[in-house]
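A short worksheet on the structure shown next.
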Amino acid sequence: LGRDYELDLGGCISGGWDLLKKNFAVVILSLVVMFAVEIAFMVVLNLILMPFASGLLHAPIAVRLGVNYLNSAVVSLVMGPMMGGLYYVYLKTIRQQPTGVGEVFAGFQQAFSQLFFGTLAVSLIVGACLLPFNYVWQMKAGPLLEQLQQMKNAAPTEIQQLMPQLVSAITSSLPILFVCLIPMTYLAVSLQFTVPLIMDKQMDFGTAMKTSWKMVNQHWWQVFGLTILVGLVS
């Protein structure tokens with residue numbers, strides 16, 4: 001916290017590319033394992049929630065939004081430790097320390113609760129920025145989606161009659177989405193180092209969030225630029 005830094009955006013990308021070339025197997029396989037676990041977990045979760053999906057369309061908006069946040073909590077139980085493990089493998093690779101694909105699961109052993117709470121806290125804070133949009137979307141599009149579900153066996157012309165209303169709901173919600181994206185982007189960029197700090201420095205999630213916030217905001221625009229650049233490359 002006491003020192004400054006300068007980000008060489010091109011150096012970050014070229015350094016990452018060199019790291020990938022020299023450690024291709026461990027870098028790619030670690031990512032594949034994490035994705036495989038994530039997909040398997042989401043499939044199981046969706047199968048469990050599927051019987052309740054139709055009922056949620058009839059539920060009050062507050063209940064539907066609450067279910068989304070509950071879903072984030074459940075997902076964080078697995079994805080927090082898995083992301084921590086992935087960062088652990090990559091950090092050891094960067095430092096030329098021996099590592100292997102199996103260490104993707106290290107987060108479950110070393111910092112499970114902190115990774116869970118850190119991932120959950122960041123997702124809830126960032127997700128809260130979208131509450132106004134989600135509320136308006138559910139209010140305008142929710143009844144239309146419910147009608148569409150009830151018209152599964154209807155003629156195409158009947159379904160087409162609903163499309164202008166659905167398009168209108170989308171276009172009228174977009175300005176609210178764009179406004180919500182401003183604080184969401186700021187917070188997501190500022191807090192993005194929470195999980196690697198928990199895993200690497202064994203910080204509690206609150207300290208990791210504060211540290212990420214303070215360090216990123218020394219040069220927020222540079223970190224934002226790097227985030228955009230990495231996203232475009234990805």
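The values are calculated or read from the model by the stated rules, or taken from the named source; none is laboratory data. Predicted model only: the values in this text are computed from it and were never measured. Methodologically, a virtual Cβ is constructed for each residue, glycine included, from the backbone with ideal geometry; neighbour enumeration extends over all protein chains shown. These accessible areas exclude ligands, DNA and RNA; they are computed on the full protein's heavy atoms, side chains included. Shrake-Rupley method; radii C 1.70, N 1.55, O 1.52, S 1.80 Å.
Shape annotation for the range 80-155: C-alpha extents along the principal axes are 61, 29, 21 Å, from largest to smallest. By the rule of a C-alpha distance below 29 Å, with chain neighbours fewer than 8 residues away ignored, the lysines paired with Lys201 are Lys21, Lys22, Lys92, Lys210, Lys214. Highest GNM mean-square fluctuation among Val32, Val101, Val189, for the chain modelled with Cα contacts below 10 Å: Val32.
Specify the angular offset, from 0 to 90 degrees and rounded to the nearest 10, of the alpha carbon long axis of helix 112-128 from the longest principal axis of the alpha carbons in the chain. For helix 112-128, the angle is close to 50 degrees.
Each listed q (0.09, 0.11, 0.16 Å⁻¹) maps to a log10 I(q)/I(0) for the chain from the Debye sum over equal C-alpha point scatterers, namely -0.50, -0.73, -1.25. Relative to the longest principal axis of the Cα atoms of the chain, helix 24-57 runs at roughly 20 degrees. The spread of Cα positions in the range 67-201, taken along each principal axis and listed from longest to shortest, comes to 63, 33, 24 Å. Considering only Phe24, Phe193, Phe108, the Gaussian network model of the chain with Cα springs below 10 Å gives its largest mean-square fluctuation to Phe24. For the range 17-99, rounded, prolate or oblate, judged on the Cα gyration tensor with a ≥ b ≥ c (square roots of eigenvalues), a/c < 1.5 rounded, else prolate if a/b > b/c? It is prolate, given that a/c is not under 1.5 and a/b is the larger ratio. Quick one: angle between helix 131-150 and the longest Cα principal axis of the chain, in degrees between 0 and 90, rounded to 10, please. The helix 131-150 is inclined about 50 degrees to the chain. Near Lys22, once Lys and Arg are set to +1 and Asp and Glu to -1 for all other residues with Cβ below 14 Å from its Cβ, the sum equals +2.
Want the number for Ala73 to Lys140: 0.36 nm per residue separation, take away the alpha-carbon distance, what's left?
Details: separation 67, 0.36 × 67 = 24.12 nm, distance 2.64 nm.
Taking 0.36 nm per residue and subtracting the Cα distance, the gain is 21.5 nm.
With all pairs of separate Cα atoms included, the range 181-226 yields a Kirkwood hydrodynamic radius of 10.6 Å. What the range 84-187 shows is 57 Å² of accessible area per residue, with the surface traced by a 1.4 Å probe over protein heavy atoms.
Note: relative contact order over the chain, using C-alpha pairs below 8 Å and six or more positions apart, is 24 percent.
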